[in-house]
Amino acid sequence: MMKWGLGLAVLLALAGCKGFGFKDDSAIELERNFQDSDRKVRENRTFSALAEMETALAGYIKHEKRIPEKLEQLVPKYMAEIPSVDIGTGGHHESNAVKYYASDILRDSQIDGTRIKDTGKWGYVFNERQVVVFVDCTHPSSRGKPWYQEKAVP
């Protein structure tokens, strides 16, 4: 019985006392690095999806000579599907849903962040001069800007 207790103690020590709910500094650092990497992967996918949607919108407007009322009008001719937004922050979950806004959220050619709903979905708004697809989120990206202000290409 004594051998078993000593063996268990050695295993727990080697595992950083995880058996008791403790983590050593290297395990904490490893977990933090994993979370940071995971967030950046999600953000990069979202930036790529945003670029894809901006390109599809530009193609639609150029060829159809009008602004689409809904992003779903881009499918399937200008893009295969509405891509997912997955920013990994603010408790938002991956989604390809779109929150449509009235044009009055545009102030001086910018989105008024106090008027958006922070859904974590795609946001879409347009007026006679401007068309904007954005991430409907007020939380900051890893670049430090609120998501609704982010552009596909910095």
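The values are calculated or read from the model by the stated rules, or taken from the named source; none is laboratory data. These numbers come from a predicted model, not from an experiment. Using ideal geometry, Cβ is built from the backbone for each residue, glycine included, and neighbour counts are taken over all protein chains shown.
Here is a check on your reading of the model: is G113 under 11 Å from the mean Cα position of the chain (by Cα), farther than 16 Å from L50 by Cα and among the small types (G, A, S)? Criteria not met by G113.
Residues of segment 61-97 that are closer than 16 Å to L50 by Cα and acidic (D, E): E72, E81, D86, E94. Could you tell me which residue of segment 102-119 is surrounded by the most Cβ atoms within 10 Å (Cβ to Cβ), considering only residues that are assigned to a loop (DSSP other than H, G, I, E, B) and modelled with pLDDT of 95 or more? Taking the candidates together, the pick is I116. Of everything in segment 54-82, what is surrounded by 18 or more Cβ atoms within 10 Å (Cβ to Cβ) and free of Cβ contacts under 8 Å to residues at least 40 places away in the same chain? Give them in sequence order. A56, Y60, L74, Y78, M79, listed by residue number. Selection of segment 118-138 for residues being within 10 Å of the chain's Cα centre (by Cα), under 15 Å from K70 (Cβ atoms) and in contact (Cβ under 8 Å) with a residue 60 or more places away in the chain yields only W122.
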